[in-house]
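Here's the structure we're looking at; comments come further down.
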Amino acid sequence: MDTKRFASKIEDLADMLLWLREKLIQRGEAPVKIRRLELVFEEALVNVIHYAYLDSLGEIEVTLTCTPLRLTLQIRDWGRPFNPLTEAPQIDIEAPLEKREIGGLGIHLIRNIMDEVSYTREGETNVLTMDSLRER
């Protein structure tokens with residue numbers, strides 16, 4: 001398990017993604033898998049950066065756990081309580097673009113790429129856990 005904390009600012013997003021990429025390369029993940037996980041990670045992190053702390057600066061703790069059967073990305077923040085799985089707007093991907101609300105595609109994307117996604121509020125923290133089953 002690898003864990004690192006970052007400031008919740010958009011300027012640190014590239015460093016967060018680089019941290020993940022380096023860890024996945026060290027573990028021998030395929031380039032296609034790495035790109036998909038980077039996309040999911042970026043979507044989730046941008047949501048935290050933009051909404052968790054409103055107008056203040058906070059921290060984001062990211063954890064990567066790999067087992068022979070599962071790869072888990074966990075994002076923890078100490079911002080306002082927010083469950084993106086139930087509180088984010090639902091989107092109709094079949095609706096014409098001009099009739100869709102702005103936003104909401106990130107959570108849809110995360111749910112479709114990852115095998116399992118869950119949210120918990122643990123004390124003063126939001127914890128988003130995203131699991132991907134590993135190839136055998």
Restricting the stretch 1-70 to trypsin sites (Lys or Arg not before Pro) in coil, as DSSP defines it, with at most 15 other Cβ within 10 Å: Lys9, Arg27
Rounded to two decimals, the Debye log10 I(q)/I(0) of the stretch 1-87 (Cα scatterers, no solvent) at q = 0.20 Å⁻¹ is -0.93
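Any read-out appearing in this document is the output of simple, stated calculations on the displayed coordinates, not a laboratory observation. Keep in mind that what you see is a predicted model, and the values were worked out from it rather than measured. FYI the Cβ positions are ideal-geometry reconstructions off the backbone, even for glycines, and counts take in every protein chain you see.
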